[in-house]
Structure formats: C-alpha cells, structure tokens
Ligand code: ANZ
Ligand code: ZN
C-alpha cells in the first residue's frame, strides 16, 4: 500500500474530533470518572518539546482510560498572568493582554496539531476576568475565614528603577535591569495563612502513595517540622536596655554546655533597643539588611556580629556569662529570632566563633575524641555521646535533648516546642499583570473587602509601561473609589496576587465552571481529586504545596470536601539535545551549522554536552516544523519511546526518523487487512494477548517506553507470521493498542477497514486469560517417592526427554550414589518418579 500521509490524516481527524467534541467530558455520565491533567502551560510564545512530551504522556493515559470505559476529564488552559508579559510590554511596547492572547492563539493551534484528546470546551486563561473574578471571590472567602492578613514585610527594592523586584529579578544582589544594588524595603503586604495547615500538609503527604518519594521528601523538608526547646536566658543588663531575658529557640538543647555565645537577629527588639541610642549598632543593622535572606545565602555569606555588651546567664551555671551578639545569620522570622551558639556542633556558630575568638567546646563525642578541646576544621554535627556536660555525660543526643527539655519545663524557664520552617504565603505583587487584590483602603474604615456584587475587579486596559513601577498605582482613575462602607473617598489595593494563586485552583475550575460561582461543589467533587497529574519536577515544591493548601482551605471553609487535590503525581524528565559552540565560544543553534561548519563564519564547530533544551544554549528544537515534516504520530511515538518517562529524553534526528519509519511500517502492517484465513496460530495469539495485557499495565504505570517495546514485539511477530485467522485478529488487536499513541494513523486505518464510529471510542481489546498461561510446566522429580528436585520443562515434553533430564539432575545423582535406577515412572507434565 502507499505511504501513510500524516499531514492529511492529522488534519482530517483533528477536525473530526473537534466537530464531534469527541473528548468533551460529560459531568452527568454514569461511567466511572477519571481526571487526567498535565500542568497547564504558561503562554510564553510557542510550544516547546517539554510541553510535547508532557502532554503526550497525559494524552496516552487519557485515551487509554476512555477505551477502558471511563468518562475522562482531560482539560487544557493557560496560566496566563505573570512577569514575561510585562517584560514584553516594556521591551516591545505591546499590551500584556494582547501579547498573552496572541501567544495563546499560537500555542493552541500548535497543541491542536499534535492531536491531543483534550476537552477544549473547558478551556480558559487565568487572565480571563471570569476566572480571576472568581478567584477574587475565593480570596474574600478566605479573608472572612481569617486565612488572609496584612502585615509589613520586606521586599527587594530597586532604587534606580524605583520598583519592587521579584526574587528571580535580583541577580547577585543587583537589579536585573538597572544593575543597582538592591535594598530591602518594608511594605504592607497580604499573606495567606498556609502555616495554619502546616501539620495537615505534612501528615497528608503520608497518604500520597502515588507520588514520587522524592517530591514528598522535598515537601516535607520545605514544611520543615522540627522539635526543640524555647527557653529564656536571664540577661545581665549592663547596657541598661531593660530587657530582663532573651528567649532563644534551639533544636539541640543537648548541646547547652557547649554554648559560648547568644545571638539575636538584626531586627530583634533587643538589637533595636540598643540601636536606638548607638549609631554604630544602627550602622551594623543596616549592613545586615543588605544581605540576602534565603537559607542558602545565610549559609554562605560571611558571618558578622556586633557585641552588645550584654551577657546572658547560662541556665545550668549561674557563674557562666555568655556574650550577646547581634548577628547577620540569625533570622527574625524563624523560631524566636535568637539563638545560643555552640561552635563545636554547628557550622555557622563555628565560623562565627573562629572569627570572634569565642570558645569552641566539644560536648558531643564523635566516637574518636571526647576532650573539651576542639581542633577539627569544621563543626561536628553527627550523632554521639554527651561529654563535658555534667549530668548529661554518657547520654546519647536524643536522651540528652529530652533530659534538658524536662529540666527546663520543671524549672519553668523553657518549653518543648514544635517549629515549622514553612512561612505564611506572601501573595502581594506590585505588578500590573495579575489578579487585582479585591480590597479597598479607607482612612476611616481601614481595609474593606470589595462587595461581591462589584466583582470582578477588572484590570484597566489603558496602562503604560514606559516608566518602571506598577501601572495600577499611577493610573489616573482606576484606584479611586468610594468606600463601600462609609461612602468617603477610598483607594483600591494596587497589589495583584502572586500567579501561584491562579494555578492553585484551576484544576477545580476545569472540573466545574458555572458562571455565578467559582465552582459547583457536587460537580467538582465528582471529578476530584485529579487521578493523575503530570508535570515538571520544578514545581515539586511551591505549586504543589500552594494547590494542596488552597484545597484544604476550601475544605476548611466548607466549599469543597476534598483534602488532597492530586491523588497521583508523575514528574517527567526533560527533553535534552546536543549543544554546539562556535570556534570563539558562542552557543550556536543547529540551524547555524552545516556539516560541522558555522555557516556565517566558515569556522569549525565543536559539539558540546547534551543539555536540557533552553533558549540560552540555543539547543531547542521547535516542535512545529518537526510536526510538519513527520506528522503528529511520529513525534508522539518518539516522545514515548527510548527513555523511561521519568528520565531525560535526548532529542535526535535519528530518533525522530526511526519513529517515522516505524509509523510507516505500522501503516503497511495494519493497513493490510489480512486474508480472512481460517487457520490457527496459537503462538501468535498468545503473543497478542500478552501484549495487550502488558501494554495496559505499562500505560497505567506510566511506563510508556515499556508499552512501546511490547508493541514492537507484537509487530515483529505479526510480520513473521503466516496468514491465519489469528494473524488477522492480531492485526486488529495491534491497531487498537497503538490507538492511544498514534491516534491519527489508527483512525485512518479504522475508517479504511470500515470500522464503526471512531477508534477513539472503541473498547480496549479484552484479554483471554487462558492465553496468558505459561508454556512451561514444573515437573516434580522424586526418588522412591521422596521429592528431590523440580525441573522447568516445555509443556507436553516427551516422556523420554523428561526421564533423561530427571536422571541428569545433580540432586538425583547424589541420592542415587552411582546406583542404576530400577524403574522410572513418568506422569506427563507433572512428575518423574525414580525407583532405586
Ligand atoms: C543551638 C544549637 C547547637 C543549634 C547545635 C544547632 C546546632 P533547624 O534544625 O534547621 O530548625 N536557629 C534557631 N533560630 C534561628 C534563627 N532565627 N536564625 C538562624 N538560626 C536559628 O535549625 C534550628 C537551629 O538553628 C537551632 O538550634 C538554632 O541553633 C538555629 F549544635 O541551637 B541551634
Ligand atoms: Zn470607609
């Protein structure tokens, strides 16, 4: 037969699926429901290979589940707010909305060309006022429930561009555009109380059995529950600050006898009190604020301290006074903003003590050394036995922790406490292209929620990006309103929501999207939780945590009875590609090279490492021309084959050509209808049934490369087989099981064979259990009625072969001790009994 013409087949079937709304999910169906979701894309401009791989995986699962009688929800939409649109506005003078809509149109057309079984009837973009209006309503519900609050918090401030910067826009402490040194500024900002759910979010991880272990671990670490002791040191107030005590938090109360100083954060009340009349302290505090605040930065930055002159009394030794420092590595918003330092057993304290010549005293033995003198090059943080610690000596670390907590509680100077690393979610962004926070500020009434009837608070269209800063702030009219409660002039909140808010509930809106409310509880609960969620591991922490929080918060206020939004999670690997460099070290794209030579310069090119496709390394491959050339099915097939889906997949010319050749081979194979022969071919029949079962298991287990390998096996077997009824049946089977992966080819052949309806709606082939039975039998070998060995032999093995094999068994030879058997009885396929 002729070649498979992918281009015409792709277009034909994509149109049919669209017109018939084949993949629109029915809320009212009484089939079992399945929700398959891939992380929705940010409309950056064009679809990239990472999207193609991600969406192909979800698509195969969605199509497979449909064929298995499920009502599948497989929606798509756009995570459309965010910085890049504003950057484009600043660079190209386009409106963020127009830029975003154009990108969505382009990317939607590109997705359609891959033939994904998506329910486009539920498509939305998070920048649609209908969507963000409902988000504002949810925000206000959370506000009512006390899950939203406002407080002062530090932002990155670019003093040249006069604008707030996101963390990603601060590069080595400088603004990404201006290059100016970034300052910390305090602004009133909105927070969501994610910490109220810290314990639930942590314990909930235990039930997420279908999540990758590593993602659960990352979430666990991020939530960071630690058990410790909060206690108070009595202060010797030489500086006259009137601070009687300093409270500290420690996770290592066992090391208390190794303490050689106390340190407080720069914005701790004690530091502030001292600074009030000491310019040197003030200058030091200002200096501290310049440093970063992330844990990583705190680890690496140079440790700096200021000796306050205060001393703290050791709780177990009234004669020991510890100097109190203000230190740049102590954070105000973790624990209680103050610590005691144990240089021998904490690396930061070690560096600090080395710098300021404070004592370094060993109190935990590493097994080799137990003298108080500590001469190692770094702190010892491992387990061990307490030494040089009075009543703790001889205890292990855990026992010693408990002992100190018990004594602190008994003495009334401290309490065992649980502390979470998780911070409340700061959701204020001083940006235009996001969901306006639906609050108004009135001088008389304070923060007033926008009345529900006035939602959505829409973004004004007439904004300019000619100067930096937030256009909402300087818009002439938008923010001026009348206070809904007293009628006096008030102003709108001009901060918008972090775009992570938009992606924290989009999957609920996909499940149910009425006009008059964010979602219908009963309808959403029919679909949720998402059965299988697929996306990049880069979202393993924040997005997933925020979505888990949002869902729990909705449950808390009674809007949705679902605790965990994603029952199954899969994080796929990246698509990688070779990199190329010019003779003078510039990255080159494959298009700039011909036969190892850079076209524009004529200079030789060096092939670099295989790396994740990225614009900066110029090693991206645009999927669209590849689809033009090879068709959607070849691209899909390549995305599924070769690599386990959790691993990286290397894009290569050879790979896609191989996929294309297989598509053509499959076309010739299944396009040949067989001869209608009546003959049997049991072996082939068995291969077919096993393949059906194996492919089903592989798809459900998201092991697509395994499914592909099994399909190759069946294709090979059919190709080799002689005409028979079983061969015809195997061809029909093959067609159905490749349908989720290469749907255009499958529809084309299905139609050519006169199949009824669409193959997308056809049932997955049934497996005949009898065909799965093994071809091998286990034969028991007895000597004088006693079991001596078991042998694996082909079913129906001849009696003399079974006898010979039994007599050749090592175990039998040992028992017979060289004597010849008197008699051998063979029960076919079951038993060989040797009478000695
Ligand atoms: C004494 C000590 C001795 C500590 C020792 C550690 C090792 P994790 O486990 O990560 O929660 N700490 C407490 N509050 C802090 C703050 N606001 N800023 C910076 N560091 C702070 O860390 C808890 C430990 O970090 C605490 O236990 C405290 O130092 C420090 F051998 O106390 B530790
Ligand atoms: Zn008012």
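Side notes on the structure shown:
- Look at region 294-313: where a residue is closer than 15 Å to residue 173 by Cα and at pLDDT 95 or above, no partner that is in a loop (DSSP other than H, G, I, E, B) and within 16 Å of ligand 2 (Cβ to nearest atom) sits 6+ places away or on another chain with Cβ atoms under 8 Å.
Yes/no per residue for (1) under 40 Å from the mean Cα position of the chain (by Cα); (2) surrounded by 15 or more Cβ atoms within 10 Å (Cβ to Cβ); (3) within 14 Å of ligand 1 (Cβ to nearest atom):
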| site | (1), (2), (3) |
| --- | --- |
| 303 | yes, yes, yes |
| 306 | no, yes, no |
| 349 | yes, yes, yes |
| 352 | yes, yes, yes |
| 358 | no, yes, yes |
| 371 | no, no, no |
| 380 | yes, yes, yes |
| 385 | yes, yes, no |
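- Residue in region 658-666 that is touching a helix residue (DSSP H, G or I) at 6+ places or on another chain (Cβ under 9 Å) and more than 28 Å from residue 591 (Cα to Cα) present: yes
- Region 473-507 - residue that is surrounded by fewer than 18 Cβ atoms within 10 Å (Cβ to Cβ), in a loop (DSSP other than H, G, I, E, B) and within 16 Å of ligand 2 (Cβ to nearest atom) and, of those, nearest to the chain's Cα centre (by Cα): 484
- Region 450-472, residues that are surrounded by fewer than 20 Cβ atoms within 10 Å (Cβ to Cβ) and within 16 Å of ligand 2 (Cβ to nearest atom): 451, 454
- Residue that is nearest to ligand 1 (Cβ to nearest atom), among those in region 433-449 that are under 34 Å from the mean Cα position of the chain (by Cα) and under 30 Å from residue 99 (Cα atoms): 437
- Qualifying residues in region 169-187 (those that are at negative phi and under 27 Å from the mean Cα position of the chain (by Cα)) - the one surrounded by the fewest Cβ atoms within 10 Å (Cβ to Cβ): 171
- Matching residues in region 92-124 - criterion: being touching a residue at least 60 places away in the same chain (Cβ under 8 Å), farther than 26 Å from residue 625 by Cα and surrounded by fewer than 21 Cβ atoms within 10 Å (Cβ to Cβ): 93, 95, 97, 121, 122, 124
- Counting only residues that are touching a residue at least 60 places away in the same chain (Cβ under 8 Å), in a loop (DSSP other than H, G, I, E, B), in contact with a helix residue (DSSP H, G or I) (Cβ under 8 Å, 6 or more places away or on another chain) and closer than 21 Å to residue 541 by Cα, region 557-572 holds 2 of them.
- Residue check for residue 317: farther than 25 Å from residue 407 by Cβ and surrounded by fewer than 24 Cβ atoms within 10 Å (Cβ to Cβ): no
- Note on region 508-520: among residues that are within 19 Å of residue 74 (Cα to Cα) and surrounded by fewer than 18 Cβ atoms within 10 Å (Cβ to Cβ), the one that is nearest to ligand 2 (Cβ to nearest atom) is 514.
Yes or no, residue by residue, for (1) in contact with a strand residue (DSSP E or B) (Cβ under 6 Å, 6 or more places away or on another chain); (2) in a loop (DSSP other than H, G, I, E, B); (3) more than 16 Å from ligand 2 (Cβ to nearest atom); (4) closer than 29 Å to residue 306 by Cα:
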| position | (1), (2), (3), (4) |
| --- | --- |
| 348 | no, no, yes, yes |
| 368 | no, yes, yes, no |
| 380 | no, yes, yes, yes |
| 405 | yes, no, yes, no |
| 408 | yes, no, yes, yes |
| 422 | no, yes, yes, yes |
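- Residue in region 408-425 that is closer than 30 Å to residue 186 by Cβ, buried (at least 20 other Cβ atoms within 10 Å of the Cβ) and more than 12 Å from ligand 1 (Cβ to nearest atom) present: yes
- Some residue of region 46-69 being within 22 Å of residue 96 (Cβ to Cβ) and in a helix (DSSP H, G or I): yes
- Breaking point among (1) surrounded by 15 or more Cβ atoms within 10 Å (Cβ to Cβ); (2) more than 16 Å from ligand 2 (Cβ to nearest atom); (3) not in a loop (DSSP other than H, G, I, E, B), for residue 440: (2)
- The criterion of being modelled with pLDDT of 85 or more and at positive phi does not hold for residue 206.
- Among the criteria (1) under 22 Å from residue 4 (Cβ atoms); (2) modelled with pLDDT under 95; (3) not in a helix (DSSP H, G or I), the one residue 676 does not fulfil is (1).
- Residue in region 325-341 that is free of Cβ contacts under 8 Å to residues at least 12 places away in the same chain, away from ligand 1 (no atom under 12 Å from the Cβ) and outside any loop (DSSP other than H, G, I, E, B) present: no
- Within region 413-431, residues that are at pLDDT 90 or above have Cβ atoms under 9 Å from residues that are in a loop (DSSP other than H, G, I, E, B) and within 16 Å of ligand 2 (Cβ to nearest atom) in these pairs: 428/493, counting only partners at least 6 apart in sequence or on another chain.
- Members of region 150-168 that are in a strand (DSSP E or B) and surrounded by 14 or more Cβ atoms within 10 Å (Cβ to Cβ): 150, 153, 154, 155, 156, 157, 158, 163, 164, 165
- Positions within region 320-336 being modelled with pLDDT under 95, surrounded by 22 or more Cβ atoms within 10 Å (Cβ to Cβ) and touching a strand residue (DSSP E or B) at 6+ places or on another chain (Cβ under 7 Å), in sequence order: 330
- Boolean, residue 344 is in a helix (DSSP H, G or I) and over 22 Å from residue 283 (Cβ atoms): yes
The values are calculated or read from the model by the stated rules, or taken from the named source; none is laboratory data. Keep in mind it's a predicted model, so treat the numbers as computed, not measured. For neighbour counting, all protein chains shown are included, and Cβ atoms are generated from backbone atoms with ideal geometry for every residue, glycine included.
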